[in-house]
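Trainee: Input: one structure, supplied below.
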Amino acid sequence: MKIIHLSDTHIYTKILYNIDAQDRFRLALNHIKNNHSDADYFMITGDLTNFGDNESYEIFINILSKATLPNHLYPKLIIGNHDNRINFKNNFPNIKIDVNGFVQYVERDDDKIFIFLDTNLEGTDAGHLCNKRLQWLKDTLEIEHKNKIYIFMHHNPLATGHIESDNLGLVQREDLKNILLKYQNCIKHIFFGHQHITCSGKYLGITFSSPRSTWSPLVPNFLNRFRLGTANTDPNYNIILLEEDSLIVHSEDFLKTDVNWFTDN
Ligand SMILES: [Fe+2]
Ligand SMILES: [Fe+2]
């Protein structure tokens, strides 16, 4: 199975910080079309827009439709701190929601279960999983724990660098940690975005990965003095190759398209 994991498109009507989010989203989709039309799934983990306004969602939808990806690669979406849940739901009326109206849902592929979480709380950039959302996750895991679980969320569930520089991460880290510990044997991977950094590792015995933003790539901080920084690095998205006995995460620097393939095999 091949999964495309892209994040943090930050679409807006205007260019922000001298980086054209619309253009970069177009280039990323074009790269996907040219290289990964054979993928099974396409997931975008939030911060689809920069301000959550309707016009930006319309632009996002328009760019997506013009990319003419194969139908089965219409992306599975969740929201991030930069999104607006009401506007998102109005623009994506077919998106599944949970009993409480949060953008949380399950997708099933044989014995693989993809769980999508909603960590948005209006008025803050930090991630939140309130008691209702945590309960939905617990209930879902209780039903599905005999399958292989893959979790998709916008915010990082753990500090990816110094804990003091992670004030925009998930606030209810401990609550989520307790749930993850209980189901660590069936949860196979956690996918997230938000920090705009390429990052991977293992947490509570569960592997995780995040791509940079397609809009503004950031560089990680290893001290408590800074949260993150900007640099002249590339944006990217991730390609996950999933087999019965392995999970491989590749990063695609989609702005670099001048490739010379070896032909001597
Ligand atoms: Fe973001
Ligand atoms: Fe974010």
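Trainee: What's the exposure ranking of M43, M1, going from fewest to most Cβ atoms within 10 Å? Walk me through the intermediate numbers first.
Mentor: On the way: M43 23, M1 14.
Ascending number of Cβ neighbours within 10 Å: M1, M43.
Trainee: Restricting the calculation to Cα positions, tell me the Rg (one decimal) and the Dmax (whole number) of the stretch 157-265 in Å.
Mentor: Just the Cα atoms of the stretch 157-265 yield Rg and Dmax of 16.3, 53 Å.
Trainee: A further question follows. Work out how far the C-alpha atoms of the stretch 131-184 reach from end to end along every principal axis, then list the three figures in whole Å, largest first.
Mentor: 36, 22, 18
Trainee: For a test of the definition: using alpha carbon positions, the gyration tensor, and the 1.5 limit on a/c, classify the stretch 226-265 as rounded, prolate or oblate. Before the final figure, lay out each step's value.
Mentor: Numbers: a/c = 3.62, a/b = 1.27, b/c = 2.85.
Here the stretch 226-265 falls in the oblate category.
Trainee: At 7 Å along Cα-to-Cβ for each site, give me the label-to-label distance between Y74 and Q184 in nm.
Mentor: Using points 7 Å along Cα→Cβ, the separation is 3.9 nm.
Trainee: Taking the number of other C-beta atoms within 10 Å as the exposure measure, put I179, I32 in order starting with the fewest.
Mentor: If I rank by nearby Cβ atoms, fewest first, I get I179, I32.
Trainee: Additional query: Sum up the charges of everything whose Cβ sits under 12 Å from the Cβ of N185, counting Lys and Arg as +1 and Asp and Glu as -1, but leave N185 out.
Mentor: Working: positive: K146, K148, K182, K188; negative: none.
That sum, taken over residues with Cβ under 12 Å, equals +4.
Trainee: OK, next. Multiplying the sequence separation of I19 and A231 by 0.36 nm and subtracting their Cα-Cα distance, what value in nm do you get?
Mentor: 75.1 nm
Trainee: Okay, moving on. Bin all alpha-carbon pair distances of the chain at 5 Å intervals from 0 and give each bin's fraction as a whole percent.
Mentor: 1, 6, 13, 18, 21, 18, 13, 7, 2, 1, 0, 0
Trainee: Hey, what's the per residue convex hull volume over the C-alpha atoms of the stretch 1-120, in cubic angstrom?
Mentor: 101
Trainee: Shifting gears a bit: Among I197, G123, Q22, whose Cα projects farthest towards the positive end of the dipole of the chain, with charges put on the beta-carbon of Lys, Arg (+1) and Asp, Glu (-1)?
Mentor: Towards the positive end, the residue furthest out is G123.
Trainee: Turning to a different aspect of this structure: Multiply the residue separation of H128 and N62 by 0.36 nm, subtract the distance between their alpha-carbon atoms, and state the gained length in nm to one decimal.
Mentor: That pair, H128 and N62, stretches by 20.8 nm at full extension.
Trainee: How large is ³J(HN,Hα), in whole Hz, for each residue of the stretch 205-219 in order, when computed from phi with the Karplus curve 6.51 cos²θ - 1.76 cosθ + 1.60 and θ = phi - 60°, using x for Gly and Pro?
Mentor: Per-residue couplings from phi come out as x, 10, 6, 9, 7, 9, x, 6, 5, 6, 8, 10, x, 10, 10 Hz.
Trainee: Which residues in the stretch 209-241 have a backbone N closer than 16 Å to a point placed 7 Å from the Cα of L27 along the Cα-to-Cβ line?
Mentor: Under 16 Å, as judged by backbone N against the label point of L27, lie 212-218, 231-238 of the stretch 209-241.
Trainee: Right, something else. According to a simple spin-label model (label point 7 Å from Cα along Cα-to-Cβ), what is the distance in nm between S37 and V99?
Mentor: Inter-label distance under the simple model: 4.4 nm.
Trainee: Where does each of W136, W215, W261 land when they are ranked from fewest to most other beta-carbon atoms within 10 angstrom?
Mentor: Numbers: W136 22, W215 25, W261 5.
The order, fewest Cβ neighbours first, is W261, W136, W215.
Trainee: Give the shape of the stretch 58-174 as rounded, prolate or oblate, defined through the alpha-carbon gyration tensor: a ≥ b ≥ c are the square roots of its eigenvalues, a/c under 1.5 means rounded, and otherwise the shape is prolate if a/b is larger than b/c and oblate if not.
Mentor: oblate
Trainee: For N54 and W261, what is the calculated FRET efficiency with R₀ set at 51 Å and r taken between the beta-carbons, to the nearest 0.05? Walk me through the numbers on the way to the answer.
Mentor: Details: r = 43 Å, r/R0 = 0.84.
Between N54 and W261 the formula returns 0.75.
Read-outs throughout are calculated quantities, based only on the coordinates presented, and are distinct from any laboratory measurement. Being a predicted model, the structure only gives us computed values, none of them experimental. Cβ sites come from the backbone with ideal geometry, for glycine too, and all protein chains shown count toward neighbours.
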